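Please read the structure below before turning to the comments.
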Amino acid sequence: MTGSAAVDRKSAATIASTHLAQPVRMGRPYHHAIAPPMLDLKTVTEDLDGVRAALGRRGPGAIASLDRIDALAAQRRDQIARSEALRAERNDASKAMASLDKKGPEFAERRDALKRLGNEIKALEDSLGQVLGELEELVMALPNLPDPSVPDGAGEDDNVVLRTWGDKPAFDFEPRDHVDLGTALGILDFERGAKITGSRFTVLRGAGARLERALMSFMLDMHTTEHGYEEMWPPALVNANSLRGTGQLPKFEDDLFHVGRQYDEADDSEHVRLYLSPTAEVQITNYHADEILEPGSLPRRYTAYTPCFRSEAGNYGKDTRGLIRQHQFDKVEMVCLCAPEEGVAQLELLTGHAEAILQRLGLHYRAVQLCTADLGFSSHKTYDLEVWLPGQDKYREISSCSWFGDFQARRARLRYRAEVGAKPRLVHTLNGSGLAIGRTLVAILEQYQQADGSIRVPEALRPYVGGLERVTP
RNA sequence: GGAGGAGUGGCCGAGUGGUUGAAGGCAGCGGUUUUGAAAACCGCCGAACCCGUGAGGGUUCCAGGGGUUCGAAUCCCCUCUCCUCCUCCA
């Protein structure tokens, strides 16, 4: 994705830091250059076996590049050292030039010698640029290390159910799914959604639209007034840098919709290329990117409603019926930035905030811990909340709450000072859906359906729908 | 979309090719003084990477990228952002 050509004329230290630790991001959000790796290169090289063991739990693919990375890291160190030594030499000699007679023979002689030195440095740094380019590509593609508490597994069947809340609603009739219910009630229009846009797009109508809007307000209100979150309303489009920060790029470009142009090699110009954000995690987590947060400002909790856009590449034929898997859906997201010591506890807290929404709505669900095979690329540890859908006779994911450790913070340069004057440290990031609104609507339709096809409105939601108690045709 | 202007350290702001990571000021931190506070004075006060057990040494960063040059914050090109005017528009 990124060209080593873009950096190979820079100095060794600049290249090194740009690639591997401190991508300067502010003020150039559309630039095609490079974010740092998610795993600290030092960690990888100093504890290669430990990293191999931990990453290997995700499967063999996760560790395939480790030996190559190790070799490249050694080259990197060597070439940086040589390049910097040459630069030091040139700096000294160059300073002396200032006091020489510019017309004299000695000046000309030294200038020619320095020109040769300059070419040598350039060649060395071109080579270093290639090493760093490959290294960065490989390291950026390494997923996060799973937390020791994450169970081993080969697939979602190995996720561990932690607890269930509530009971499956008892029906004295055959429960229908939300597609039948919503279509009959005239509140979900799948056909016209497909007509005006395409498959996996739906029009909500009447009480359906109202419920969607009500759920958004209800969730935001709970998080802001009861759970201590600050509300945000971010842009729906994001740049590539932000997506690298949270880990969607470079590996998962195919999952994203994008607009605009990008780098044009023909004239070395760059143009705007933006992506439709797949989750507010991107906007909100990157909100403080490249900043050093003041002492005492953690933990920070933000919540935001956003539309989310996913191409669902590779999911052809999966969940084609109904609202479950749309190209565009609505979600209220929670994000937490905290000190490293607090990460574990914050995950429990944040998951509880998502659960509180389900409980207030009276929706039966269960909490599961994802196993190594199901753990997301950036995640260190994840709990999913799965709501009961009688129409499918299944539990389906409605929230995913993750602790990322410093993985995202390293990519996005999210740092803080524990106290005034202290060295900056990477924060820990967490986020969770609180909740996916469309799936919440699905759960309400299916769990609250009545024999006559009408839907009882959960009491907590009634103030948001003008006191409406029941949705009828 | 058209025409101009601008982008320097937490903030303001010097600096148009050579001991400038960058004057000066503000803010912040430490100290002197004070019953305490303020004021005054003194000192400290960015980040990252490489080498080193350490002390310490080195390299880089003036929106971002590329180029010219022995040498670039300073010159050239591209991109981004902000401001002003015009145009358009929810």
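What helices does chain A have that are whole DSSP H segments, at least 20 Å long along their own axis by Cα, and with mean Kyte-Doolittle hydropathy of -0.5 or more? Please list the in-between numbers first.
Numbers: long enough: A:66-97 (46 Å, -0.85); A:105-140 (51 Å, -0.38); A:207-225 (26 Å, 0.18); A:343-361 (28 Å, 0.52).
Qualifying helices: A:105-140, A:207-225, A:343-361.
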Percent of C-alpha pairs per 10 Å bin, region A:278-370, short to long
12, 34, 36, 15, 3
Which value, in Å², gives the accessible area per residue of chain A when a 1.4 Å probe is used on the protein heavy atoms?
45 Å²
Calculate, in whole percent, how much of the Cα-Cα pair population of region A:430-473 lies beyond 18 Å.
33 percent
Across the alpha-carbon set of region A:304-358, Rg over Rh with Rh taken as the Kirkwood radius works out to 1.11
For region A:201-311, what Kirkwood radius comes out of the mean inverse Cα-Cα distance, in Å?
16.3 Å
Mind scanning A:LYS195/A:LYS318; A:LYS42/A:LYS115; A:LYS122/A:LYS423; A:LYS318/A:LYS394; A:LYS331/A:LYS381 and naming the pairs with a C-alpha gap bigger than 23 Å?
A:LYS42/A:LYS115; A:LYS122/A:LYS423
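Could you give the length gained by full extension between A:ARG273 and A:ASP126, i.e. 0.36 nm per residue of separation minus their alpha carbon distance, to one decimal place?
On the way: separation 147, 0.36 × 147 = 52.92 nm, distance 2.75 nm.
My answer for the length gained is 50.2 nm.
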If every alpha-carbon in chain A counts as one equal scatterer, what log10 I(q)/I(0) does Debye give at q = 0.07, 0.08, 0.09 1/Å?
-0.44, -0.55, -0.67
Mind ranking A:427-433, A:215-221, A:253-259 by how tightly packed they are, going by the mean number of other C-beta atoms within 10 angstrom, highest first?
A:427-433, A:215-221, A:253-259
Mind computing the radius of gyration and Dmax over the alpha-carbon atoms of region A:129-238? Å is fine for both.
22.2, 69
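If you wrap a convex hull around the C-alpha atoms of region A:338-416 and split its volume per residue, what is the figure in Å³?
Working: hull volume 8.2 nm³, N = 79.
Value for region A:338-416: 104 Å³ per residue.
Kindly provide the chymotrypsin sites (Phe, Trp or Tyr not before Pro) of region A:163-205 that DSSP labels as loop, not H, G, I, E or B, and whose Cβ sees at most 11 other Cβ atoms within 10 Å.
On the way: sites: A:TRP165, A:PHE171, A:PHE173, A:PHE190, A:PHE201; in loops: A:PHE171, A:PHE173, A:PHE201.
Within region A:163-205, the qualifying chymotrypsin sites (Phe, Trp or Tyr not before Pro) (loop, at most 11 other Cβ atoms within 10 Å) are A:PHE173.
What order do you get for A:347-353, A:461-467, A:313-319, A:392-398 when each peptide is scored by the mean count of other beta carbon atoms within 10 Å, highest first? Don't jump to the answer; show the numbers that get you there.
Numbers: A:347-353: 20.6, A:461-467: 14.1, A:313-319: 9.7, A:392-398: 17.0.
Final packing ranking: A:347-353, A:392-398, A:461-467, A:313-319.
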Carbon/sulfur fraction of accessible area - chain A, other protein chains in place, 1.4 Å, %
48 percent
Long-range amide H partners of A:PHE257, meaning residues 5 or more apart or on another chain whose placed amide H is closer than 5 Å, are A:LEU276, A:SER311
Considering the Cα positions of region A:29-183, please state its Rg to one decimal place and its Dmax as a whole number of Å.
28.7, 103
Across bins of 5 angstrom width beginning at 0, how are the C-alpha pair distances of region A:338-473 distributed, in whole percent?
2, 10, 16, 17, 15, 11, 9, 8, 6, 3, 2, 1, 0, 0
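The values are calculated or read from the model by the stated rules, or taken from the named source; none is laboratory data. Quantities reported herein were computed from a predicted structural model and do not represent experimental measurements. Glycine gets a Cβ as well: all are built from the backbone with ideal geometry, and neighbour counts include every protein chain shown. Surface accessibility is based on the protein's heavy atoms, side chains included, excluding ligands, DNA and RNA. Shrake-Rupley method; radii C 1.70, N 1.55, O 1.52, S 1.80 Å.
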